[in-house]
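Peer 1: Before I ask anything, here is the structure I am working with.
Rule-based calculations on the coordinates, nothing more; no lab input. In this text, all values refer to a predicted model and were calculated from it rather than measured experimentally. Here the Cβ is made from the backbone with ideal geometry for all residues, glycine too, and neighbour counts use every protein chain on show.
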Amino acid sequence: MSINLTGESLIDQLKKVEEQAESECRNFTSLSELEDFRIKYLARKGVLAEIFENLKSLSSEEKPQVGKLANQVKLKVEGLFERKQQELKSQDSKRGQQFLDYTLPGQKNWKGGLHPLTQVGREIVDIFYGMGFEVVYGPEIETDYYNFEALNIPKDHPARDMQDTFYLPDAWLLRTHTSPVQIRTFEKRKPPVKIIAPGRVYRHESINVRSYCVFHQVEGFYVDTKVSFANLKGVLTSFVNQFFGKDVKLRFRSSYFPFTEPSAEVDISCILCQGKGCSLCKQQGWLEILGCGMIHPEVFKNVKYDYEKFSGYAFGMGIERICMLKYGIDDIRLFYENDLKFLKQF
Ligand code: DAH
């Protein structure tokens, strides 16, 4: 657009600018077109700036009139620009919402799961619950009395060597097994008591594929009049058949625990080779799964149960061990590494 310097021609030009801007603006469909428009009319070196520059050379009579018109046209063009900008932006965002790319891969939902030890622990407890056992929990921080003394393991007893203990200040310790729950229960309740007590236990052992400083046990015990070793065999056989399957055989091997007499360890026929001999059972055909026995009269004396009148059995098993056998896991440390590649398999 050429510019000349009379008032009249500036008025003409302003009118043309107004018309032209209006008609151009109407057809824009993109923000980039609108930006070109802004540069053309409103920028520092744009058409309107040039007209304002030329106002300076008008006579003082013409200047106010033309100046007023120039301001009106400038406001009008600015208004056109702003309105169109808003319109285009809102169209853009609506289009963005409607656009759905069906070829994009879906978003994966990660689902959490229970730790294999939690699963197996619950499975074990559920089976005993089904046989009339009540679930009880005991503290993980214990005293020497509950963890050893009351279970007929006196201070100088060689059995204490079996369990290296984490001792805490003020004569506290971390329980080395779940058997203290027996004592805590007997102190509070009179027979009959039929209880299953799952929980975490601690041993100051070197960490390797077979042992870890923390692990889990399930303790079971039943005290009543006339509880016999045959009852113990019955309940454990039922448990093994429910957990490992009907065809799995049991073997009671005589053993020693200070808090039971007689004591036994239970082996099951190897679930991998069915007793023929393989690397899991070290060619023995049998796998050890738990310790058990008839509760020792000394234990009953400590909790003031009448050992002439009552008898009871007890057993204890390691959840890690059972879980490793069930799933063929060969390294106990896997349970504590929180490696999702391992955990996701359960
Ligand atoms: N408390 C024993 C341990 O940690 C396991 C055990 C053996 C528990 C025999 C019992 C039992 O109740 O009768 O090695």
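Peer 1: Tell me which chymotrypsin sites (Phe, Trp or Tyr not before Pro) from region 83-169 have a DSSP coil assignment and no more than 11 other beta carbons within 10 Å of their own.
Peer 2: Loop-located and lightly packed - Phe99, Tyr102, Trp110, Tyr137.
Peer 1: Can I ask one more? How large is Rg over Rh for region 129-232, taking Rg from the Cα atoms and Rh as the Kirkwood inverse mean of 1/r across Cα pairs? Mind dumping the intermediate values first?
Peer 2: Working: Rg = 14.8 Å, Rh = 14.8 Å.
Using Cα coordinates only, the ratio equals 0.99.
Peer 1: Any idea what the dipole of the chain comes to, in debye rounded to 20, about its Cα centre with Lys/Arg Cβ at +1 and Asp/Glu Cβ at -1?
Peer 2: 760
Peer 1: Please report, in Å, the Rg and the Dmax of the chain, where both are computed over Cα atoms only.
Peer 2: Over the chain's Cα set, Rg and Dmax evaluate to 43.4, 130 Å.
Peer 1: Continuing with the same structure: Going by how many other beta carbons lie within 10 Å of each one, how would you line up Thr143, Thr185, Thr178, Thr103, fewest first?
Peer 2: Details: Thr143 16, Thr185 19, Thr178 25, Thr103 4.
Listing Thr143, Thr185, Thr178, Thr103 from fewest to most nearby Cβ atoms yields Thr103, Thr143, Thr185, Thr178.
Peer 1: Mind jotting down the three principal axis lengths of region 10-98 based on Cα atoms? Whole angstrom, largest first.
Peer 2: Largest to smallest, the principal-axis extents are 57, 18, 15 Å.
Peer 1: Ranking Met294, Met324 by Cβ neighbours within 10 Å, fewest first, what do you get?
Peer 2: Fewest to most other Cβ atoms nearby, the residues stand as Met294, Met324.
Peer 1: Sticking with this structure for a sec: List the residues, sorted by chain then number, that are 5 or more residues from Phe166 or on another chain and whose placed amide H is less than 5 Å from its amide H.
Peer 2: Under 5 Å from the amide H of Phe166: Leu174, His204.
Peer 1: With a Förster radius of 25 Å, plug the Cβ-Cβ distance of Arg333 and Cys278 into 1/(1 + (r/R0)^6) and report the FRET value to the nearest 0.05.
Peer 2: Numbers: r = 23 Å, r/R0 = 0.91.
In this case the efficiency is close to 0.65.
Peer 1: Exactly which trypsin sites (Lys or Arg not before Pro) in region 227-264 are in a DSSP loop and have at most 10 other Cβ atoms within 10 Å?
Peer 2: Answer by residue number: Lys246.
Peer 1: Among DSSP beta bridges lying fully in the chain, give the percent that are antiparallel, nearest 5.
Peer 2: Just about 95 percent of them are antiparallel.
Peer 1: Could you check how many percent of all C-alpha pairs in region 233-322 are farther apart than 14 Å?
Peer 2: 67
Peer 1: Can you tell me how much longer the chain between Asn241 and Thr29 gets when fully stretched, taken as 0.36 nm per residue apart minus their C-alpha distance, in nm with one decimal?
Peer 2: In short, 68.7 nm is gained.
Peer 1: Which one, Pro180, Ser238, Pro116, projects farthest toward the positive side of the charge dipole computed for the chain from Cβ point charges (K/R +1, D/E -1)?
Peer 2: The one lying farthest along the dipole's positive direction is Ser238.
Peer 1: A further question follows. Over the chain, what relative contact order in percent results from Cα pairs under 8 Å that are six or more residues apart?
Peer 2: 14
Peer 1: In addition: Which trypsin sites (Lys or Arg not before Pro) does region 93-156 hold that lie in a coil by DSSP with at most 11 other beta carbons within 10 Å? Kindly include the intermediate steps, with their values, before the conclusion.
Peer 2: Details: sites: Lys94, Arg95, Lys108, Lys111, Arg122, Lys155; in loops: Lys108, Lys111, Lys155.
Those that pass, being in a loop and sparsely packed, are Lys108, Lys111, Lys155.
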